[in-house]
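Below: one structure, written as structure tokens.
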Amino acid sequence: LQWCAWIIDHGETVSLLALECDRQFHLFRRLVQLSGVTELLDHEWVKKNGDAASKLQIVHADARNTLGVRISEAPKMNVTYKAAIKWIAREAKHSRVLAIDPITALTPGDKPWLNDHKFTTEVSTIMKDTGSSLICVTHPGKQREKGAPSMKDLAGGTLVESAFS
């Protein structure tokens, strides 16, 4: 979210497919980032300081709205690879940078390795044809080992050991 705002601030167009939570959730998080007031995450603080919270929303409305119109919410159902490709094809026509957050929330289907291949092949063609870039965000799995996340900790993925490991 913060990265998408940075891209906009630097004069590029961006589109975000938010696969977790709705636009309001992300815009609220953006308000916390813009204001630096982490207490906004505390519902009790907001209840007690409603005037201050409202003022922060007004002060940062333009920046939030600029980002808000670039966020596509996922429907309440699962998003398939096919639906994501369709979104990418549509958004790449008018956005220089696209982001899917998190890519691991796509419905894997019966044969995820085939869906992965089709996704990367079709998206690669779209990116080449439009000159756009796609950033796929992933999150560490919930059962990761202690310490810094590594490639084997990615949610929805499997680490394939190679000679380069």
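The values are calculated or read from the model by the stated rules, or taken from the named source; none is laboratory data. Remember, it's a predicted structure, so these values are computed and weren't measured experimentally. Note that each Cβ is placed from the backbone with ideal geometry, even for glycine, and that neighbours are counted across all protein chains shown. We work out accessible area using only protein heavy atoms, side chains counted, and drop any ligands, DNA or RNA first. Shrake-Rupley method; radii C 1.70, N 1.55, O 1.52, S 1.80 Å.
Mind jotting down the distance between the C-alpha centroids of the range 10-57 and the range 95-121, whole Å?
The two parts, judged by their Cα centres, are 28 Å apart.
I'd like the accessible area for Asp110, computed on protein heavy atoms only with a 1.4 Å probe and all protein chains in place. Round to 10 Å², please.
150
How high is the FRET efficiency from Thr66 to Asp129, r the C-beta distance, R0 25 Å, rounded to 0.05?
The formula returns an efficiency of 0.40 here.
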